[in-house]
Structure formats: structure tokens, C-alpha cells
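Notes follow once the structure below has been shown.
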């Protein structure tokens, strides 16, 4: 199963495509001892049925905060959330706590980096999946247990029947991650949120889980958002990618285009700084100078300007608005749309030009 | 020929995690089980493997932070150890320094940056003013402004800055060999690039030899001259980086390289996925430890433990398939040596 | 210093340094930060003020009151609160309550703080030794403290005091013995956790000996948490001390001590109920303040990465 396959499948069914998720002007502010932290600012994106979006960025860029706020998982007394979040047409921001808990786990499910946190150590895997199925569908215990077994088989846990009665600590890291995926998918969610699901896994296990996620997503026709700091993970599973920096999406579009012809200087810098196979070992790496800004004050200008090699006066005066990048082929559908938030977008002429004067 | 800067022979460490009522070892973790490698002066040796393969334990054994059960550690041909007749461990620790993965846990939160860096030189008998001056010089050397950093505490620094301090702390001992245990793994990519550049500058300026332990195969390929691939406490393959990455002889090395996600959309490939998880180093499988997951396993692999065999100049691999007359039906030449399988074969 | 840097490189380094200086303009040491945070916490500050007042009243008692704490007047027995000359009334022997509460604070505060303080030093030493050395030393020290854990603290204090005999010093000794095991256990736990951190490994790799590592790297990180725990024990200790005196195992009459006062005023509970509960109220107020201050200290010292 490769990414290009599913993309062409998605393109074939343009008419059937509908929006699962729509996020408009989402801002998330946390209260802290040292004043407010503007974790996420003016984030806009939409997700079609059967599409996978990767939120890509470095630590503290707001990618996980964005993901968690889609289910309103942040503690309400410390968080100010503004903007619109619509999941299959329902307004999540205005939703009551009761309807919110019905949404969580049923229509929207989430998987985490550390599966041990998602499972209760005193119950078996089978009990926990059964319980979730019963809570959301109200079916009989035997039916729910059969469903749990079916799920474990679907995520390809070997000898699934005996694994139903295993406790979380009795499984290896990779198996636990599969079990968590089974738990998340047990109620056939429309949308799966994955927060760095493979970061804690070993290389040979990571690729197993990524492939599994990709296959299940196509098979079940669900939509998925995956948060990652790893360009490779985004390339392996996602159709679209949104690159985040300092709480904002700075570039968004189809994975193949954004990551092969990045328009934003930060995306360019991030890709250039990532070591990839077959690099010239004698060459120095192209590091981005400096560090991301603190989000303890509201930014009035482009957050990347202080680190940017081509920043001009306009970049230091106001925040650039997202603008469309001409699509690669004319007449492309909405899944091919591409945007960048930069006053001076464009391909990097010579990747070494900047490095040489460091 | 000059002896290698660091030579390790048959290093072993077994941890007893449970004893019987009579105090006999009942459950033993063979964390490091007969590891040998060497690295020439001024070179970088990459050590790769998954969790539980013993790469971090190996680093701690080298420094004698954990006492090895068996094995020899030689620096420039001179053997070090706690046994009479060998050079003392205290000298070994000074000549070899270590940088850990967790930049925060590696710095005492109650000490200023200056005190942390100056601690080692003070222990070695340098005067207070000498060691302070050294701390300032080294901070400058790792790209941190001494004036704004010496009085700070670790929690006030970013991860990348803290790791620079850790590198300065290790350099303060004037080592010849630096053991970098996942030293850049926790850093963001843009910061990681800064620190990797710094490491290569320092290596040149201080004429250092690196032991670079990492699970990131791309970084290891970039920074290393030679590579050691470990699996369940043993070395499965050892050789020059280009040969290992282009012509891996051991099926595990191939699987590991094949599992690396593509870094650009154009290099996306079909991965041949290895089944299962790395097993627990408690009670490792008999014979070749990789055989339960190996796609080429045959009865011989469960019976006999393979020994390292020279497959090409400088490249050694511990697999029955590369050993002549091992009893395995396949031979090295019969399996494709490119790590990427042709696209149509998998699609 | 770095020969690889040309003029351009130097310029970029200068800029980077300027950036770094702006980045962390504000910086304090750890303890300065803790103090700053504590000073900003109104509850802790109120408690500290109350405790400071109590200590000052106890220390300065002879200069603040005209009465002798053990000299009563048969004419003024059991005066009520608000009686002129005796604003907090008098006890069953006509002694001024305010005076006795001030003098009583001397014994009560000392008996509340000193045993915990001594136990803090001894218990930390034991715990750090056990945690750092590990192995048989750990087993020996920790199993010995386990024996003490088998008895409830109150029972243990009474039993030791009973065995040693009544008296101020003996009560202090028994209370100290009661508090060594829990402090040693906490110190052992923290030490074991710190001992396995990478900076201790790094210090060993620098060639530092055990004593240097304990002095520089272990104690600095262990003393704080153990100290917080010890301050929370002061209130327990005060109540236990009062209890011992109440049972006649602590300070002996006619000396003023809050627990003892509570005991003697017991008989007057129906005559002057408000006067009788005054020593109890003092014990409650002081232990509450110590507990709240301990909580404040805990959150002030909890500085995240």
C-alpha cells in the first residue's frame, strides 16, 4: 500500500468527497504563572473524508495543542479557546460536556505516543475494548467481546484470542500500540487523531505501525490527522501536510508538493536541516540559526523573520496572511489546494547560498 | 601499524534480575554478550540498534560506570581495568568522556553552568580560577556566550543549549575519545543540525575520536566512518559506513535500513517489513538471536550461533549465510544486496 | 579561539550572542526563585507572620508580661476572658492565661521543632547513606527503620517516653526517635532517584569520589524535598508533644506547656469553657500554620524545566 495509490483513489471520488472536519480561526491560549501563553493562533484547515493530514513541526510549535483542542481535551479553567471547530457539521466549541463525551471515542478517537497512558493497568485489553464498545453502542457483552476480538485481529496482533485476556504490561511496546489502535477504532470513528503514535517505537516496529495505520485508514475510509516532528512519518502516511511554526500553520498542501518544492523559508530550512540518506558527508548541515520565539506574548510580525535569510522590512511589521500557491495542474480539486503564509515565498535558489556566510 | 584509539574485545555484562532462594542467579539479562569492535584515532564509529540491543550499556561499560563481567578495553594498545597490572580506570575515565541523551538529567539542577563545567577540572586538581577560565573558554567554543551563560541554571536553557553545555562539560576533561550516547536524538531537527555541525568542528579542533550511539540511521550515516550494528547484546555487523549502508550482509542490517522512512517524497519506497518486536534480552533465542524474525532462517540458525566472518575488506558479519559451509542453503551472493527492493516487486 | 571562523563567522557569532542575551534576560538562582515565589504566596506569608509573632511572643515573654507564669493568686481563680488585667482570663490556680500561653509557647515550639530538626539531620544522613551505598548497607538501615514503622507514631512516642521516664529531655529524645524512620525513608527514596540521574554518572566519569558526589550532587538535590517533608512533620510533632505532656510524660507542672495546660484546664471546662480551650486553639493554630507553610514551600520549590 503506497500513498500514491490512495491519492488517486481519493481523486476518483471527488463528488463523494465531503468535509469531515473544518477548523476556522482556531486560537488556544493557556493561563500560566507568567501570564498567557499563545499556544495556537488563527489556525485554519479542513479535512475531507478518507484524507490524512499530517501536522508537522518542532517541539512547542502548537501541533499537539491543535490536535487536542479538536476534542476539547485541554483543562477548561486554564484554557481559552476561540474560533470554530466543526466535526461532520457539529460545532465542537459550543458542544455540551455530555455531547462532547459522546463524540469522544465514538466519532472521533485518539491514539497517543505512549500507549501505557491510554490503558488502565488493572484491566485486560479485552475488558477495556469491550467496555468502550458497550458504552458507545450499548450492545450485549458477548457481542462487544466478539467485536474486541475482531479488532485485535484487524490490527494483526498474533494469537488475538489469547491476547484479549492479557494485561497492558504483558505486551511489548509495538503490540500495545496496536492494541491502542484497536481500542480507538473499535467504534468505527469518522476521524482518528494520532499524536506522535510511533515516536516511542523502534525503527522496525515504527514502519509496521505506520503501514498498519495507512492500510486501516484506507480500508475503513476514515479520516486521520497525525501529529509528528518527523518528515519521514508525514511522507509515509499523509496525503496532505500542514507545517506549523510558533502556533501557526505556515504552509499547507499535498505532501508530495509541499515537501518536494517547499515555498516557505521555514519548511525549506527544516528539510535542509534534516539529515537524509546519501548526504555528502563532508558538507556541513544547513542549520536554521537561533531558536523559535517564546509564545508568552502575542506576535505582531512574522514569527520566523528573526531566523529567516530573506526577511525584509514588511516581514517585521505584520503577520503574513495565507495565500494560495498556484496548483501544479490546472483544475485540481480541493485536496490539491496549496497555501503559504509568507511575504516572500518561493523556492530557495541555492541551498548553499545562506550556509556559506555562517 | 598503529594500534587503534579504542579497541574492545569480547565485552560482557549479564545482569541478574532475580535470584533463587539459595541466591543462585535465576533470571539473567544478557545485556552485552561478547561485543568487540575498534575505532581508529580521529574517526567516528557509529553504533546502531533497537532498544534492548545493549548499545547504551556498552557505552557505560567502556567508561567503567558499570563494571564489565569480562572483556578487554584498550586505548592505543594499553589495556585498562580494575585488575592489577592494568592501567587504572580513573585514567580511562579522563581520556574518555560521555554525553548523554537527556540534556536535563545530565546537569545538576542546583549548580550553575559554570560550576557544572568546572566540576571535573576541579576534581582533577586545577585551581578555582583556572577551571573557571576553562569553563568560559569552552562555553565560547560550543557557541554559547560565556557572559550570559556562566551564572545560569539548567532549567533556564533550551534543550539545544543544555546539550552544548554537556558537550563543554565533557571537553573540560580534555578527553581523546567522546562517547555520544543518543546525544542529539532528543533535539529538534533544526537544533540537531547545529549540534551536529558543532560536533564535527570540535572533532577537528580537538582531534577527537567519537563513539556515536544512535537509533537514527540517517544521522549515523552522515557522521560515522565505521558502523557497528547490534542486536540483543551482540554485534551482528561491523564495517565501513558506505559498505554497510550500500551492501549490508546481515539480514537484520538490511531490515533496519529498509525500515527508515523516506525523507523526501521522491525517495518513497516499498518497505519490506520485519515481523514482530525486538525480543527481550532475558532468555535470548538459542542459536542466532535474530532467527525468529529472520526471513531467511533455517534449522541451522536455531542450533548454532554464527560467528563473525569477514565478508569484504574491513566488513564483518555474523550470519550463517555469509559463512562458507555453515549448513545454510543460501549464500551471500544469492540475496539481493541493495537495500531497496525494485518497486514492482512489492506493489 | 576558534580558528575556523573568518570575519563573517565572527560577525554571525556576535549576533548570535546578542540574541542569546536577549533570550534569557531575566535569571535568578534556584533558591532566589524559590524565595521570590514564596514571597508572592499570600497564604504562606500569613502563616510565616503568625509563626514569627508566636516565636517573638515566646522569646520576649519576660519583658512583655508583668506576671510570673507559675505564680497564681487564689483571689483571681478562673477569671473569664476580658477580665481587666487578665485579658485572656486565669486558670484554676489564678495564673494569668496570656502569660502562661506566651511562656508555654517556649516549651511547645521547642518540643515541636527540635525533635524534627534533629531527626532531619540524623534521618537524612541515614537515608542518604542507605540510598547512595545501596546493597547491604541499604538493607541494614532500612530494615531497622522498618521495625519502628510497625508501631503507630503515638504509641511509639508513649512507649519510649514511658521507658525513659517523664521529663522534657526524655520527651524530646522519644519524639526524635519517632521521626527518624519516616525522614530516613523519604531521604533514601529521593537519594536513590537522584543517584541514577545522568549528572551523577557524569560526575563519576569525571573521577569524583563518593564523598564529593554526595556533597556536591546528592545533598543539593535531596535536602530540599526532605526539608519540605520535615516541615510538614512539625505539626505532628507539636501535637504528639502536647499529648505526651497531657499524659504527664512530658514537661512537669508547674511549668507552662500547651498540652499540659490543656490537661489541667480540663477540670474547668464547665466553669470557663472558652479559657479552657485556649491552649488547644494555640496548638491548632501553630500546627496549621506549619502545615500550610510546608505546602507553600513545596509548590514554590517545584520549578519545572
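The values are calculated or read from the model by the stated rules, or taken from the named source; none is laboratory data. Predicted model, so just to flag it, every value in this text is computed and none were measured. Neighbour counts are summed over all protein chains in view; Cβ atoms, including those assigned to glycine, are modelled from backbone coordinates with ideal geometry.
Observations on the model:
- Looking across A:238, A:272, A:234, one residue alone is within 12 Å of chain B (Cβ to nearest Cβ) and modelled with pLDDT under 90. It is A:272.
- Filtered residues of the range C:61-82 (kept if in contact with a helix residue (DSSP H, G or I) (Cβ under 8 Å, 6 or more places away or on another chain) and within 18 Å of residue C:108 (Cβ to Cβ)): C:61, C:64, C:65, C:69
- Hey, residue B:309 surrounded by fewer than 20 Cβ atoms within 10 Å (Cβ to Cβ), touching a strand residue (DSSP E or B) at 6+ places or on another chain (Cβ under 8 Å) and modelled with pLDDT of 80 or more or not: yes
- Residue check for residue A:320: over 27 Å from residue A:20 (Cα atoms) and not in a helix (DSSP H, G or I): yes
- Residues that are assigned to a helix (DSSP H, G or I), facing another protein chain (nearest Cβ under 8 Å) and in contact (Cβ under 8 Å) with a residue 24 or more places away in the chain, drawn from the range B:109-149: B:116, B:119, B:120, B:141, B:149
- Inside the range A:193-227, residues that are in a strand (DSSP E or B) and either within 10 Å of chain B (Cβ to nearest Cβ) or surrounded by fewer than 23 Cβ atoms within 10 Å (Cβ to Cβ) (or both) make up a count of 1.
- Some residue of the range A:171-188 being more than 11 Å from chain B (Cβ to nearest Cβ) and over 23 Å from residue A:68 (Cβ atoms): no
- Test for residue B:42: is it more than 14 Å from chain A (Cβ to nearest Cβ), without any contact (Cβ under 8 Å) to a residue 12 or more places away in the chain and surrounded by fewer than 16 Cβ atoms within 10 Å (Cβ to Cβ): no
- Some residue of the range B:286-298 being part of a loop (DSSP other than H, G, I, E, B) and modelled with pLDDT under 85: no
- Wholly within the range C:138-247, helices (runs of 4 or more DSSP H) carrying at least 3 residues that are free of Cβ contacts under 8 Å to residues at least 12 places away in the same chain and surrounded by 23 or more Cβ atoms within 10 Å (Cβ to Cβ): none
- Only one of B:172, B:193, B:168 that is assigned by TED's automatic domain parsing to the domain that holds residue B:115, free of Cβ contacts under 8 Å to residues at least 12 places away in the same chain and crowded, with 22+ Cβ neighbours inside 10 Å: B:193
- Sole residue being more than 27 Å from residue A:272 (Cβ to Cβ), in the same structural domain as residue B:96 (by TED's automatic domain parsing) and surrounded by fewer than 24 Cβ atoms within 10 Å (Cβ to Cβ), chosen from B:214, B:129: B:129
- Number of residues in the range A:242-258 that are at the interface with another protein chain (Cβ under 10 Å from one of its Cβ atoms) and either within 30 Å of residue A:154 (Cβ to Cβ) or within 14 Å of the chain's Cα centre (by Cα) (or both) equals 3.
- Whichever residue in the range B:268-281 is at the interface with another protein chain (Cβ under 7 Å from one of its Cβ atoms) and out of contact with any strand residue (DSSP E or B) (no Cβ under 8 Å at 6 or more places or on another chain) and, among such residues, is surrounded by the fewest Cβ atoms within 10 Å (Cβ to Cβ): B:273
- Considering the range A:155-170, the residues that are without any contact (Cβ under 8 Å) to a residue 12 or more places away in the chain and more than 10 Å from chain B (Cβ to nearest Cβ) include one that is farthest from the chain's Cα centre (by Cα), namely A:162.
- Qualifying residues in the range C:44-78 (those that are touching a residue at least 60 places away in the same chain (Cβ under 8 Å) and outside any helix (DSSP H, G or I)) - the one farthest from the chain's Cα centre (by Cα): C:78
- Here residue B:201 fulfils each of the conditions (1) in contact (Cβ under 8 Å) with a residue 24 or more places away in the chain; (2) out of contact with any strand residue (DSSP E or B) (no Cβ under 8 Å at 6 or more places or on another chain) apart from (1).
- Take the conditions (1) under 25 Å from residue C:281 (Cβ atoms); (2) at pLDDT below 80; residue C:25 misses just one of them, which is (1).
- Tally of residues being part of a loop (DSSP other than H, G, I, E, B), more than 10 Å from chain C (Cβ to nearest Cβ) and under 16 Å from residue B:178 (Cα atoms) across the range B:54-100: 1
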